[in-house]
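This report refers to the structure that appears directly beneath it.
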Amino acid sequence: MKKITVGIVDYGVGNHASVRHTLNELGLRCRTSDDPVVLDGCDVLLLPGVGAFRPAIEALRARALDRYLLDRADRNLPLLGICLGMQLLAQASHEDGFTHGLGLVPGEVVELPAPHWHIGWNTIEQVQVDPLFHESDGQSFYFNHSYAYRGPIEFQICRTNAGEEFASAIRRDRIVGVQFHPEKSQAAGRALLRQLIVGLCDA
Amino acid sequence: MLKKRLVGVITVRDGWAVQSFGYRRYLPLGHPEKLAENLDRWGADEILVLCIDRTRRNVGPDFDLLRRLGSLGLSTPLAFGGGIRTVAEAGAIIQSGAERVCIDAALRDAGVVGGISALVGAQAIIGVLPLSFDGAGLQRLDYLSGRSTPLTAADLSLFDRRVVSEALIVDWRHEGMTAAFDFNLIRRFPAPDVPLIAFGGVSEADQLKMLFDDDRVAAVGIGNSLSYREHAVQMLKRQAGGTSIRAARFVSDSR
Amino acid sequence: MTEPAMTENSFCRRCLYSIDHPLGLVLDEEGICSGCRIHEEKDRLDWNARWTQLESVVRPYRSRDGRNYDCIVPVTGANDSYYIVHLVKERLKLNPLLVTYNKYFNTELGIRNLANLRIRFDCDILTQNVNPVSVRKITGTTLRQFGSVYWHCLAGQSVFPVQTAVRYRVPLVIWGAHQGLEQVGMFSHEHEVQMTRRYRKDHDLMGVEAGDLPSVFDTLTEEDVWQYRYPDDGSLQAVGVVGIYLGNYVRWDPKTQHELMMSTHQYRTGRFARTFDCYDHVDCFNYMNLHDQLKLYKRGYSKVTDHACREIRHGRLTRDQGLALVRYYEQRPAENLDLFCEWLGVTPSSLAFLMDLHRNPQYWRETAPGRWEFKGWSSASGAAAAPLEDVRSCEFTATGKVDTRERRSYIVIGKGYPT
């Protein structure tokens, strides 16, 4: 089997050491870059993110990475969004006004109901059969967010109960987003990350 | 449902990980990175690194340490605190690989905390409250002056208004003592909706169980005693039992 | 962790340690260090009660059918091994499996002591010999990269007993004193600290585990280092491995203990060039020589300071006397470097070159090519040293010779030793 290369989209936001470390432990090759030429050489892209929505989407736009990611999606190339990276996949976010996202997965990002945050380890429950998430059904992952995706049920693979339910994993074809941090979820996160990356490359 | 967390606390003083006793006495432990890496392997639910001498020396957060911790590529959520003075410093910590910041001295400056909250979100802020119970009510310690004053509504305003998500309740008097955490600090905490992290004098599984059974407690922090035994985290998880926390795990074929 | 120059305030007022101690050292408001404070417990704790506690700790591990060992006891031909085996076998009446790691730098005295140990105490013993090619490769690498010739010894001595516990399904490992507790007061005796992988990596191995060596140093491969890997958590947990320290339950005093073992069990001792202690490390050509020289280069102090601090705390030396001894011994030339060069396959000048690379500029200043000025701990300790004639109170007796001129070579373990 050809060795998979994962491209971490570096748009100046956040720290990627944990993701890189997990990918290396999984025996996956890893490139961190904002250069489309480098990212073109990768089998699957990973879109991380931490902090607020607007600065993140603006950082992507400033590097023309929004158009690049849309272009890759048009060519049906796989993309995995993590935490804020998942939120960026949506059409828009209501955080601090209204901001358009990448629009790769229909739906919007809205504030969680009071107390307006979700911190800690919580389980994900599959609501649609999907081989990528099957093994991880019912496992705990680390969440740390105050906004969440709300959209058509057909794009929701897993949901999580934080007082109220929200989508913890979404998917449209080869575009996947997870609201939690697999790179901060120890063994469960490692296993899921492997499943997602290998599975998306095979899909 | 959301699980409760067993948090491994690493107290750092002058660059060294130390055991802390009653905010007064210290014994050396080693390099903070080695303790963090160990907690990560053991499966702690969160790692909390507190650099306790930074504010007193007014040197800001220890970004060097944070960088070294970041380069470990830990797969456990990290909270980092000590010496945070400005919004920019807090923002830089979050961008450097820590999930959350801990604020103690700066908690008294509502403007700064508000700014941090706007930048990184309330979920990324833990407010530290060193408390004691004097028989009548709760007292809050100002560790810089060493003076305790009654805990007031003003102290809790940032939590009530949800500018800060969780409160780290530190039983500073009993810190470092075996099985000594004062439950009054939880029972008598005046804001019932604020998720609490209990810390200071927690060492035994039965304390852990009692704390996890309390609705107000979101997490329990343990410091010194995690360094006295192999697999301390796993043993506590096993003995405290229950489904409210993630199960213990023993890594096989570790790196 | 601190870079600025040492002042008197960097030092404990009671012993000779400074806050630059590699294990970490904390000074309290009175200027007394954590090591001295924890030492005070030795005169405060009820040791009878602690012995009773020890008996209850080991009780569940006694083999019910006498068909397996009760515990694993790591030993060498020196240090506290005799006293440890005495406590385990003769006082606790446990049935131990002794384990020892061949460190290669073995003196005849050490081999003799080890043979005498197992015979006098009538114990079974397992020896781990890692092949010489790997050991040389590792030692060459650790010397070059972080100035240590002892990494393989520390790694082997600290891991082989744990591996044996897993392989033989004997969960209890019994050690003597906890170095962190004894030197810098890392723990209270009452914490009853147990063996952890974290301590081993952080302190015994200077932050470098076996798994870290090949990735940093290209010449080493997994084949060379796998023997030094710590058992994984799953394996430890399946057997229930636990490591305890007798020093948490017994008032630890190495000088007194060694003298007892010398008189009751014929433990033999010898003199060194670089310290006044004749009882520790007599089994090794390098620990008190090459290794000690490197310690002085890297840390600004050497083993004689550890010995002096220990004796100061036990009330057998004053601080002034301790400092006088340190200043007398720490610059003495290390011996037997030729044997090491022969073993490793390097010339004396290339060894000297490698060693100089690891001189810490905080403690050494090259004033002219090849000439070094020492600004280490003893030069900043401040106290006026007592005249050396005053140190009769702390005499160590040599009953053998570390370095027997007739047979100066590393003794190969496996040939056995005639009783």
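Against the condition polar (S, T, N, Q), within 9 Å of chain B (Cβ to nearest Cβ), assigned to a helix (DSSP H, G or I) and under 19 Å from B:Asn38 (Cβ atoms), how does C:Gln237 come out, does it pass?
So C:Gln237 fits the description; yes.
Across region A:139-193, what is the total count of residues that are over 13 Å from the mean Cα position of the chain (by Cα), closer than 26 Å to C:Asp233 by Cβ and not polar (S, T, N, Q)?
Count: 7.
Quick grid of which residues meet (1) in a helix (DSSP H, G or I); (2) closer than 25 Å to C:Gly77 by Cβ:
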{"position": "C:His281", "(1), (2)": "no, yes"}
{"position": "C:Gln293", "(1), (2)": "yes, yes"}
{"position": "C:Cys309", "(1), (2)": "yes, yes"}
{"position": "C:Val326", "(1), (2)": "yes, no"}
{"position": "C:Trp343", "(1), (2)": "yes, yes"}
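Quick check, is C:His178 facing chain B (nearest Cβ under 10 Å), within 30 Å of C:Phe11 (Cβ to Cβ) and crowded, with 18+ Cβ neighbours inside 10 Å?
no
Restricting to region A:93-111, name every residue that is over 16 Å from the mean Cα position of the chain (by Cα) and of a type in the set (S, T, N, Q).
Answer for region A:93-111, where residues must be over 16 Å from the mean Cα position of the chain (by Cα) and of a type in the set (S, T, N, Q): just A:Thr99.
Could you say which residue among C:Leu172, C:Leu154 is more than 14 Å from chain B (Cβ to nearest Cβ) and among the aliphatic types (A, V, I, L, M)?
Unique residue meeting the criteria: C:Leu154.
Which numbered condition trips up A:Val19, out of (1) free of Cβ contacts under 8 Å to residues at least 60 places away in the same chain; (2) within 14 Å of another protein chain (Cβ to nearest Cβ); (3) assigned to a helix (DSSP H, G or I); (4) under 16 Å from the mean Cα position of the chain (by Cα)?
Just one mismatch for A:Val19, condition (1).
Name, by its number, the condition in (1) over 17 Å from the mean Cα position of the chain (by Cα); (2) within 14 Å of chain B (Cβ to nearest Cβ); (3) at pLDDT 95 or above that does not hold for A:Ala114.
Here A:Ala114 clears every test but (3).
I'd like the full set of residues that are among the hydrophobic types (A, V, I, L, M, F, W, C), surrounded by fewer than 19 Cβ atoms within 10 Å (Cβ to Cβ) and in a loop (DSSP other than H, G, I, E, B), limited to region A:150-203.
The answer is A:Ala203, and nothing else.
Among B:Asp45, B:Asp62, which is charged (D, E, K, R), under 17 Å from B:Ile103 (Cα atoms) and within 18 Å of the chain's Cα centre (by Cα)?
On inspection, the qualifying residue turns out to be B:Asp62.
Hey, among C:Asp232, C:Asp204, which residue is out of contact with any helix residue (DSSP H, G or I) (no Cβ under 6 Å at 6 or more places or on another chain), charged (D, E, K, R) and at pLDDT 95 or above?
Within the list C:Asp232, C:Asp204, the selection yields C:Asp232.
Can you tell me how many residues within region A:137-165 are within 14 Å of chain B (Cβ to nearest Cβ) and under 23 Å from A:Ala191 (Cβ atoms)?
Of the residues in that region, 12 qualify.
Counting only residues that are under 15 Å from C:Ala380 (Cβ atoms) and aromatic (Phe, Trp, Tyr), which one in region C:11-51 is surrounded by the fewest Cβ atoms within 10 Å (Cβ to Cβ)?
The selected residue is C:Phe11.
Answer with yes or no whether C:Val193 is facing chain B (nearest Cβ under 9 Å), within 22 Å of C:Leu25 (Cα to Cα) and out of contact with any helix residue (DSSP H, G or I) (no Cβ under 6 Å at 6 or more places or on another chain).
Yes.
Based on this model, can you work out whether C:Val239 counts as touching a Pro at 6+ places or on another chain (Cβ under 7 Å), over 29 Å from C:Glu373 (Cα atoms) and modelled with pLDDT of 95 or more?
Answer is yes for this residue.
Take region B:181-239 and flag every residue that is outside any loop (DSSP other than H, G, I, E, B), more than 14 Å from the chain's Cα centre (by Cα) and β-branched (Val, Ile, Thr).
B:Ile186, B:Val233
How about region C:62-87: which of its residues are more than 15 Å from C:Trp175 (Cα to Cα) and among the aromatic types (Phe, Trp, Tyr)?
Within region C:62-87, just C:Tyr69 meets the criteria.
So if I check each of C:Leu25, C:Leu16, which one is within 22 Å of C:Lys375 (Cα to Cα) and within 12 Å of chain B (Cβ to nearest Cβ)?
C:Leu25
The values are calculated or read from the model by the stated rules, or taken from the named source; none is laboratory data. Remember, predicted model here, so these are calculated numbers, not experimental data. Glycine also receives a Cβ, built like all others from the backbone with ideal geometry; neighbour counts cover every protein chain displayed.
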